[in-house]
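To keep things clear, I will list the structure first and then write my remarks on it.
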Amino acid sequence: MKTYSQKASEISREWWVIDATTLPLGKLAVVIADKLMGKSKVTYTPHIDNGDYVVVINAKNLVVTGDKMTKKKYYRHSGFPGGLTELKLEEVIEKDPALAIREAVKGMLPKNKLAADRLARLRVFEGAEHAHTAQNPKEIK
């Protein structure tokens, strides 16, 4: 028996839609990262990017457990002395709820050359409506 290795010409991508209110942020990120990497497919090959597209809806109503809304912080630095900025999760959700989901999923993906392309297939929408109905996405339960 030989080990199967998928070729780039054999890739077939599907579209999935998931509601952000169904799972807490961390568990949601795990499910999304799994679909973006293609690990749930039988043809999964680590060095080939065979993942699917994922559409996240209702990002504005993101669910977190405990007191993460006030204690979880996001940091960025301008590069200048004293340029460290920190935002709480509740401030990030008010300003740009897609950022919280995108950062959580980015942390779940392997840090390699395929990560940027995988993250580019993630589409996050604040409300229940999304612009990808023409692709007939399947719903993740």
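We did not get these values from a lab; they are worked out from the coordinates using the rules stated. Worth saying up front: this structure is predicted, and the values here are computed from it rather than measured. Virtual Cβ from ideal backbone geometry, glycine too; neighbours counted across all protein chains shown.
When region 106-133 is limited to residues that are surrounded by 15 or more Cβ atoms within 10 Å (Cβ to Cβ) and over 27 Å from Glu94 (Cβ atoms), the one that is nearest to the chain's Cα centre (by Cα) turns out to be Arg118.
Matching residues to (1) closer than 20 Å to Ala33 by Cα; (2) aliphatic (A, V, I, L, M):
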site: Leu62; (1), (2): yes, yes
site: Arg76; (1), (2): no, no
site: Gly79; (1), (2): no, no
site: Gly83; (1), (2): no, no
site: Leu87; (1), (2): no, yes
site: Glu90; (1), (2): no, no
site: Lys95; (1), (2): no, no
site: Ile101; (1), (2): yes, yes
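When the test is whether a residue is surrounded by fewer than 18 Cβ atoms within 10 Å (Cβ to Cβ), aliphatic (A, V, I, L, M) and in contact with a Phe, Trp or Tyr (Cβ under 9 Å, 6 or more places away or on another chain), Leu36 does not pass it.
Output the residues belonging to region 107-135 that are over 13 Å from Val56 (Cβ atoms) and in contact with a helix residue (DSSP H, G or I) (Cβ under 6 Å, 6 or more places away or on another chain).
Met108, Leu109, Arg118
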